[in-house]
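The values are calculated or read from the model by the stated rules, or taken from the named source; none is laboratory data. As the structure is a computational prediction, the values presented were derived from the model and not from experiment. Here the Cβ is made from the backbone with ideal geometry for all residues, glycine too, and neighbour counts use every protein chain on show. For accessibility, only protein heavy atoms count, side chains too; no ligands or nucleic acids. Shrake-Rupley method; radii C 1.70, N 1.55, O 1.52, S 1.80 Å.
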Amino acid sequence: MSTEIVVPPGARFFFALWLPVDAAKKLHTVAGGVVGRCGGRLMREDALHITLAFLGEVPERRLVELQKVAAEFKLQKAPVRLDRLGFWNHNHILWAGTKEPDPALSALAAELQDLLVKAGFLTDAKPFLPHVTLLRKLLHPGALPELPAVEWSAAEFVLAKSWPSDRGSAYETVARWPLN
Ligand code: ATP
Ligand code: MG
C-alpha cells in the first residue's frame, strides 16, 4: 500500500540510505567536535543519509506511481563503510565518505538510477558519490580529524523529502522498502 505523502511548498524528493541510529550518533558526535573548534551548522542526527538518487520536485499526482514502482524494484543489500572526512570548498560542506568506494554500493545506486530513468522519474542521473553531509556553512575546516570507520549492512532504502524550513532544509523519510 502506498503512503499519502504531505508535500510542503518547495519539497524535493530523493532515494537514500538512512543511517542506522548508532552510526548516526557516532558521526554526529565527530561533527560536533568540529563545530566546537571551527563553527558550521550541524545536520540533525536523525537527518543523516546517503543520497542514492535525487529526483528533485515531483508532481504530486505522480507520487503514488513513484511508490508503486519503487516497491517493485529488486535491489541488493550493500555494505557501507564510512572511514574518512572530507570538505568541499565550493559549498562549505563537511562530509563523511569512503577511502575505497565499494562496488556493491555503487552498483545499488546505479541500478536504482537506471530503474528510475526507465520509469520516467529521473532525467539527469549523476555519477554517484557516496557521502553523508554532516556540517553545512563551514568556512574554515582546519585539519580534519581521522574518522574511526563506521560500518553497517544497508538492508533497506527509503524515499525521502526535503523542504525549506526556517532553519534551513528539513528532511524526512516518507516510505521504505527492503533490499534483498
Ligand atoms: P539545500 O539544498 O537546502 O542546501 P540539501 O542539498 O541537503 O539542502 P536537497 O537539495 O533537497 O537538500 O538535497 C537532498 C539530498 O539530495 C541531499 O543529500 C543532497 O546532497 C542530494 N542532492 C541534491 N541535489 C543533488 C543532485 N543534483 N544530484 C545528486 N544528489 C543531490
Ligand atoms: Mg541542495
**Request:** Can you give me the ranges of the strands (runs of 3 or more DSSP E) entirely in the stretch 16-100 with at least 2 residues that are away from ligand 2 (no atom under 16 Å from the Cβ)?
**Result:** 78-82, 84-88, 93-97
**Yes/no for Thr98 being among the β-branched types (Val, Ile, Thr), within 22 Å of Gly39 (Cα to Cα) and either open to solvent by 50 Å² or more (accessible area, probe 1.4 Å) or in contact with a His (Cβ under 9 Å, 6 or more places away or on another chain) (or both)** = no
**strands (runs of 3 or more DSSP E) contained in the stretch 103-165 and holding at least 3 residues touching a residue at least 40 places away in the same chain (Cβ under 8 Å), within 16 Å of ligand 1 (Cβ to nearest atom) and over 13 Å from Val80 (Cβ atoms)** = 132-136, 156-165
**Request:** Go through Gly36, Gly32 for me and flag whichever is open to solvent by 10 Å² or more (accessible area, probe 1.4 Å), modelled with pLDDT of 95 or more and away from ligand 1 (no atom under 11 Å from the Cβ).
**Result:** Gly32
**Item:** Complete set of residues in the stretch 129-171 that are more than 16 Å from ligand 2 (Cβ to nearest atom) and closer than 20 Å to Leu52 by Cβ
**Value:** Pro130, Val150, Glu151, Trp152, Ser153, Ala154, Ala155, Glu156, Phe157, Val158, Leu159
**Request:** Being small (Gly, Ala, Ser) and within 11 Å of ligand 1 (Cβ to nearest atom) is the filter; apply it to the stretch 166-180 and report the residue that is nearest to Gln67 (Cα to Cα).
**Result:** Ala170
**Request:** Answer with yes or no whether Asp166 is surrounded by fewer than 11 Cβ atoms within 10 Å (Cβ to Cβ) and either hydroxyl-bearing (Ser, Thr, Tyr) or under 17 Å from Glu57 (Cβ atoms) (or both).
**Result:** no
**Request:** Starting from residues that are aliphatic (A, V, I, L, M) and closer than 12 Å to Ser162 by Cβ, keep the ones in the stretch 6-29 and report whichever is surrounded by the fewest Cβ atoms within 10 Å (Cβ to Cβ).
**Result:** Val7
**Item:** First in the stretch 8-27 and within 17 Å of Asp83 (Cβ to Cβ), second anywhere and away from ligand 1 (no atom under 12 Å from the Cβ) and open to solvent by 10 Å² or more (accessible area, probe 1.4 Å), Cβ under 6 Å, 6 or more apart
**Value:** Pro20/Trp152; Ala23/Trp152; Ala24/Glu45
**Asked** In this structure, does Gly120 turn out to be surrounded by 15 or more Cβ atoms within 10 Å (Cβ to Cβ), away from ligand 2 (no atom under 15 Å from the Cβ), under 30 Å from Val7 (Cα atoms) and of a type in the set (Gly, Ala, Ser)?
**Response** no
